[in-house]
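Notes to accompany the following structure.
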Amino acid sequence: ESAEKRTKAERMFGLLDGFLKNDSISLQKDILHHVAYTVARSPFSFDDFEAYQALAHSVRDRLIERCHDTQIYFNNKDPKRLYFLSLEYLMGRSLSNSVINLGIRDQYADALNQLGFEFEVVAEQEGDAALGNGGLARLSACQMDSLATLDYPVWGYGLRYQYGLFRQVIVDGFQHEQPDYWLNFGNPWEIERVHVSYTVKFYGTVKEELRNGENCKVWEPGEIVEAVAYDNPIPGYGTRNTITLRLWAAKPSDQQDMESYNTGDYINAVLNRHGLENISSILYPDDRSYQGKELRLKQQYFFVSASVQDIIRRFKDTHSNFDEFPEKVALQLNDTHPSLAIAEVMRLLVDVEHLGWDRAWDMVCKIFSFTTHTVSREGLEKIPVDLLSSLLPRHLQIIYDINFNFMEELKKRIGLDYDRLSRMSIIEEGAVKSIRMANLAIVCSHTVNGVSRVHSELLKTRLFKDFYEHWPHKFHYKTNGVTQRRWIVVSNPGLSSLISKWLGTEAWIRNIDLLTVLQEHASDPDLHREWKMVKKVNKMRLAEYIEAMSGLKVSIDAMFDVQTKRIHEYKRQLLNILGIIHRYDCIKNMDSKDRKRVVPRVCIIGGKAAPGYEIAKKIIKLCYAVAEKINDDSDIGDLLKLVFIPDYNVSVAELVIPGADLSQHLSTAGHEASGTGSMKFLMNGCLLLATEDGSTIEIIEEIGADNMFLFGAKLHEVPALREEGPSLKVPLQFSRVVRMIREGHFGYEDYFKSLCDTIEGRDHYLLGADFGSYLEAQAAADKVFVDQEKWTRMSILSTAGSGRFSSDKTIEDYAEKTWGIQPCRCPL
Ligand code: H2P
């Protein structure tokens with residue numbers, strides 16, 4: 001039979017003309033074919049957007065081909081697979097990244113050229129896939145790229161939101177949020193799998209039934225929704241392996257509402273069905289308080305239920321029993337958001353597969369690992385018991401049972417220490433009885449990872465101290481990383497070619513350790529010249545963008561000083577703005593001789609504020625108000641400019657980061673779990689001005705404190721400074737700049753009053769305490785900038801020392817120490 005199958009397969013392969021070809025003529029034919037038959041436009045006349053659509057479909061064909069091969073190969077080898085569960089992925093654009101990873105960018109550029117188009121212009125037509133908020137979501141995207149590149153057998157799972165992260169529109173300096181209906185223009189990067197769908201149940205009741213002499217729990221749901229798979233291929237670089245990010249969309253189920261149809265209430269029945277699709281429609285902006293929001297909980301369960309059903313189905317396709325389940329399956333919880341997967345695996349193994357509680361529990365404890373991205377207790381997710389009991393009654397029972405067993409085990413170890421037992425319990429008693437998702441994740445996971453070394457210390461000594469004392473072996477950390485494919489090769493082609501030229505190889509794109517070779521050339525005048533030229537071109541590109549966006553002309557001779565990230569009090573964009581006001585004030589009070597010594601700066605700030613976060617929104621408005629004053633002051637000219645870049649997203653970051661000279665990472669020590677923006681800037685040879693927080697501490701070890709500008713209170717100093725509260729002595733300059741805001745130098749004094757009160761009152765984030773050393777670090781940066789040779793050397797050493805912060809390193813570490821998976825490389 002297999003010989004017959006083979007002959008058939010060979011004939012079909014022949015009919016298909018073998019694998020797709022990548023020479024210029026084949027690519028041109030392919031693009032034109034898609035113009036005519038996919039986009040349905042005339043191949044004799046199509047515009048840039050249509051060219052993008054056709055090009056994307058042509059690339060997609062190649063991705064599908066590789067995806068198939070990869071899956072067939074994985075199925076044959078049956079390795080242990082990792083399933084990465086995350087509610088957020090910030091993928092950005094796919095085109096450039098895909099063709100670079102496939103190794104056919106130049107071929108496509110040439111093919112497009114022959115057809116009268118320019119690759120860069122066509123690539124600009126693509127919108128961002130913004131299915132996430134900030135660092136956590138972009139980290140998932142970087143990790144998917146590394147997982148594919150390093151040939152690991154992996155599936156990513158998430159939600160296919162119809163509305164991505166809101167678009168930030170600024171009107172009169174105020175942030176407004178607009179929906180991001182990113183699928184409006186189609187999405188050529190996904191493959192709809194109509195046949196891959198699962199029913200997901202909600203509400204209802206749980207009954208006990210005797211089946212085959214056994215007491216079984218039977219959940220009779222009140223609502224049924226269908227989860228349909230959309231597959232997004234993720235190509236690795238320098239390999240044929242192409243893995244899949246499977247995103248679920250909610251569709252009405254045929255099983256739902258038969259009753260209403262039968263009772264004749266047709267219109268309402270249809271409308272009700274339609275509403276079910278809302279489950280996957282909106283990404284929640286990061287306001288860190290989803291508590292009590294039913295839709296959010298529905299989203300979490302919807303995505304984990306479909307994923308877990310898919311995982312078990314795949315396992316059962318090739319295994320007749322569950323003996324090997326823990327040897328073949330690793331499930332990674334990206335933060336607590338997917339933690340309901342634990343209860344879902346238990347439910348399916350106990351209620352559906354009838355493995356019995358103990359056996360199922362043993363498996364759960366072997367397959368789950370958990371990474372937390374949170375530093376503060378307030379950031380930890382809780383689900384009100386009432387909500388869970390109505391939405392997922394069976395899961396609540398399971399969580400109660402898990403907790404009961406855990407408490408019993410704990411009592412045996414620690415006795416009746418009720419304080420401790422109640423702190424460690426998965427259930428929080430109190431006004432609103434809740435499930436502590438982090439406790440659930442810790443109890444059921446074999447490994448709990450932090451995202452930087454200092455973060456892991458904070459977990460062990462503060463946030464999860466009790467758990468650490470109970471299970472010290474569970475606690476680890478994997479320092480975050482970012483992919484050099486996206487953050488150098490795609491976004492900074494000039495630097496990429498320069499590195500390859502000086503290293504004599506492109507191998508660093510897969511083997512980041514090679515970057516250290518640049519250290520040997522850090523003082524070479526030829527490299528300096530070329531290095532500065534690359535930066536100059538990137539600054540020109542950024543200056544053009546700034547002008548197009550805001551009408552503001554900036555000088556590329558000025559230092560481009562950038563702070564881009566989510567707007568949050570702990571990230572201290574306000575400290576940056578206060579520093580800018582101080583700089584402005586100083587220049588205004590200088591005579592012309594002193595002004596000649598001023599290092600001109602273009603200060604760039606960008607980031608979104610969560611829609612309900614008033615203070616963050618005021619910070620944006622303040623930035624605009626200060627910018628207006630400074631930029632309109634002809635007396636200041638090019639000495640100082642301030643720009644707020646609206647709607648910061650992945651593709652804007654790709655433009656901003658390569659063009660930065662200096663980048664700021666100002667979080668109050670002890671607040672940033674890791675920080676990954678700094679790593680992207682570092683790779684691009686920007687100097688960092690930063691506090692000793694999160695991963696910066698590890699960056700210092702790699703490139704040395706001499707090659708960056710550090711400032712601010714250290715972690716151990718923070719509590720004492722906080723104790724002092726309003727009685728803390730702050731520099732005069734600090735009081736002066738705050739007074740300028742209060743007195744209305746920038747208008748809106750009433751509106752900014754509460755902002756000023758927060759930093760002159762309790763000042764939880766210690767802006768006053770850190771202001772003096774912040775200004776010193778800024779002055780040090782100015783001083784070095786004048787010495788371009790020194791600056792360039794530091795810049796080269798920054799890139800050279802950035803290798804440890806490649807997500808390839810993070811992923812290798814996870815694969816070996818947490819997931820226990822091996823590369824599985826599909827032959828070319
Ligand atoms: C968060 C943390 C960062 C961390 C990132 C990825 C939640 O991202 O705060 O410190 O680097 O996860 O682990 P962000 O603040 O950017 O949303």
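The values are calculated or read from the model by the stated rules, or taken from the named source; none is laboratory data. This is a predicted model, so every value here is computed, not measured. Positions of Cβ are backbone-derived with ideal geometry, glycine not excepted, and every protein chain shown enters the neighbour counts.
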Practice item. Could you tell me which of the residues ALA653, ALA669, ALA660, ALA673 is more than 16 Å from the ligand (Cβ to nearest atom) and crowded, with 22+ Cβ neighbours inside 10 Å? Key: ALA660
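Which one is farthest from LYS217 (Cα to Cα), of the residues in region 343-373 that are of a type in the set (Ser, Thr, Tyr) and in contact with a His (Cβ under 9 Å, 6 or more places away or on another chain)? Steps first, please.
Going residue by residue through region 343-373, those that are of a type in the set (Ser, Thr, Tyr) are 369, 371-372.
Filter again for in contact with a His (Cβ under 9 Å, 6 or more places away or on another chain), leaving 369, 372.
Values: SER369: 27, THR372: 32 Å.
Restricting to residues being of a type in the set (Ser, Thr, Tyr) and in contact with a His (Cβ under 9 Å, 6 or more places away or on another chain), the top hit is THR372.
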Exercise for review: Give the number of residues within region 110-147 that are surrounded by fewer than 18 Cβ atoms within 10 Å (Cβ to Cβ) and either assigned to a helix (DSSP H, G or I) or within 14 Å of the ligand (Cβ to nearest atom) (or both).
Suggested key: 5
Exercise for review: Could you check LYS680 against (1) within 16 Å of the ligand (Cβ to nearest atom); (2) touching a His at 6+ places or on another chain (Cβ under 8 Å) and say which number it fails?
Suggested key: (2)
Study note, to complete from the structure: Filtering region 683-706 for residues that are in contact with a Lys or Arg (Cβ under 9 Å, 6 or more places away or on another chain), more than 16 Å from the ligand (Cβ to nearest atom) and not assigned by TED's automatic domain parsing to the domain that holds TYR570 leaves a count of 2
Exercise for review: Kindly establish whether TYR163 is more than 16 Å from the ligand (Cβ to nearest atom), closer than 30 Å to LEU622 by Cα and touching a Ser or Thr at 6+ places or on another chain (Cβ under 8 Å).
Suggested key: yes
Point to revise | strands (runs of 3 or more DSSP E) (entirely within region 207-282) containing at least 1 residues that are of a type in the set (D, E, K, R), more than 30 Å from LEU95 (Cβ to Cβ) and out of contact with any strand residue (DSSP E or B) (no Cβ under 8 Å at 6 or more places or on another chain) | key: 214-220
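Do we find that LEU348 is in the same structural domain as TYR400 (by TED's automatic domain parsing), touching a helix residue (DSSP H, G or I) at 6+ places or on another chain (Cβ under 8 Å), within 16 Å of the ligand (Cβ to nearest atom) and not in a loop (DSSP other than H, G, I, E, B) in this structure? Outline the logic, then answer.
Values: in the same structural domain as TYR400 (by TED's automatic domain parsing): yes; touching a helix residue (DSSP H, G or I) at 6+ places or on another chain (Cβ under 8 Å): yes; within 16 Å of the ligand (Cβ to nearest atom): no; not in a loop (DSSP other than H, G, I, E, B): yes.
Considered against the rule, which asks whether it is in the same structural domain as TYR400 (by TED's automatic domain parsing), touching a helix residue (DSSP H, G or I) at 6+ places or on another chain (Cβ under 8 Å), within 16 Å of the ligand (Cβ to nearest atom) and not in a loop (DSSP other than H, G, I, E, B), LEU348 comes out as no.
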Point to revise | Per-region count, region 605-641, residues in contact (Cβ under 8 Å) with a residue 60 or more places away in the chain and assigned to a loop (DSSP other than H, G, I, E, B) | key: 6
Review point. Restricting attention to region 354-380, and to residues there that are within 16 Å of the ligand (Cβ to nearest atom) and of a type in the set (D, E, K, R), which single residue is nearest to GLU324 (Cα to Cα)?
Key: ARG377
Check your understanding: So, of the residues in region 465-484 that are away from the ligand (no atom under 16 Å from the Cβ) and in contact (Cβ under 8 Å) with a residue 40 or more places away in the chain, which turns out to be surrounded by the most Cβ atoms within 10 Å (Cβ to Cβ)?
Key -> GLN484
Check your understanding: Quick one: in region 545-581, which of the residues that are among the hydrophobic types (A, V, I, L, M, F, W, C) and free of Cβ contacts under 8 Å to residues at least 40 places away in the same chain is farthest from the ligand (Cβ to nearest atom)?
Key -> ILE556
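Being among the small types (Gly, Ala, Ser), closer than 23 Å to MET740 by Cβ and at pLDDT 95 or above narrows it down to one residue among ALA627, ALA673; which is it? I'd like the intermediate steps shown before the answer.
Details: ALA673 fails: closer than 23 Å to MET740 by Cβ.
Just one listed residue meets the conditions, ALA627.
So which of ASP594, ASP585 ends up being over 16 Å from ILE759 (Cα atoms) and either touching a strand residue (DSSP E or B) at 6+ places or on another chain (Cβ under 6 Å) or free of Cβ contacts under 8 Å to residues at least 12 places away in the same chain (or both)? Please lay out each step first, then the result.
On the way: ASP585 fails: either touching a strand residue (DSSP E or B) at 6+ places or on another chain (Cβ under 6 Å) or free of Cβ contacts under 8 Å to residues at least 12 places away in the same chain (or both).
The match here is ASP594.
Out of everything in region 485-505 that is β-branched (Val, Ile, Thr) and in contact (Cβ under 8 Å) with a residue 24 or more places away in the chain, what residue ends up being nearest to SER678 (Cα to Cα)?
Residues of region 485-505 that are β-branched (Val, Ile, Thr), as a first pass: 488-490, 499, 505.
This time we only want the ones that are in contact (Cβ under 8 Å) with a residue 24 or more places away in the chain, so: 488-490, 499.
Values: ILE488: 14, VAL489: 17, VAL490: 18, ILE499: 20 Å.
Top of the filtered list is ILE488.
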Check your understanding: Hey, among SER456, SER452, which residue is surrounded by 15 or more Cβ atoms within 10 Å (Cβ to Cβ) and either away from the ligand (no atom under 16 Å from the Cβ) or closer than 24 Å to ALA341 by Cβ (or both)?
Key -> SER456
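Which one is modelled with the lowest pLDDT, of the residues in region 369-423 that are acidic (Asp, Glu) and within 34 Å of the chain's Cα centre (by Cα)? Walk me through it before giving the result.
Narrowing region 369-423 to residues acidic (Asp, Glu): 378, 381, 386, 401, 408-409, 417, 419.
Then drop every residue that is not within 34 Å of the chain's Cα centre (by Cα), which leaves 378, 381, 386, 401.
On the way: GLU378: 87, GLU381: 93, ASP386: 96, ASP401: 98.
Looking at residues that are acidic (Asp, Glu) and within 34 Å of the chain's Cα centre (by Cα), I get GLU378.
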Study note, to complete from the structure: Scanning region 542-576 for residues that are under 23 Å from LEU689 (Cα atoms) and in a helix (DSSP H, G or I) gives LEU542, ALA543, ILE546, GLU569, TYR570, LYS571, GLN573, LEU574, LEU575, ASN576
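Please determine whether any residue of region 582-600 is within 16 Å of the ligand (Cβ to nearest atom) and in a loop (DSSP other than H, G, I, E, B).
If we filter region 582-600 for residues that are within 16 Å of the ligand (Cβ to nearest atom), which is where we start, we get none.
No.
Is at least one residue of region 787-804 under 30 Å from THR70 (Cα atoms), out of contact with any Leu (no Cβ under 7 Å at 6 or more places or on another chain) and either buried (at least 22 other Cβ atoms within 10 Å of the Cβ) or at pLDDT 95 or above (or both)?
yes
For residues that are of a type in the set (Lys, Arg) and within 21 Å of TYR237 (Cβ to Cβ), tally how many sit in region 779-813.
Going through region 779-813, the residues of a type in the set (Lys, Arg) turn out to be 783, 790, 793, 804, 809.
With the extra rule that they be within 21 Å of TYR237 (Cβ to Cβ), the set shrinks to 804, 809.
Total satisfying the criteria: 2.
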Exercise for review: Name the one entry in THR792, THR810 that is at negative phi, not assigned by TED's automatic domain parsing to the domain that holds MET683 and not small (Gly, Ala, Ser).
Suggested key: THR810
Exercise for review: Return the pairs, sorted by first residue and then second, in which the second residue is part of a helix (DSSP H, G or I) and basic (Lys, Arg), the first residue lies in region 340-362 and is under 19 Å from LEU392 (Cα atoms), the beta carbons are less than 8 Å apart, and the residues are 6+ apart or on different chains.
Suggested key: ARG347/ARG394; LEU349/ARG359; ASP351/ARG394
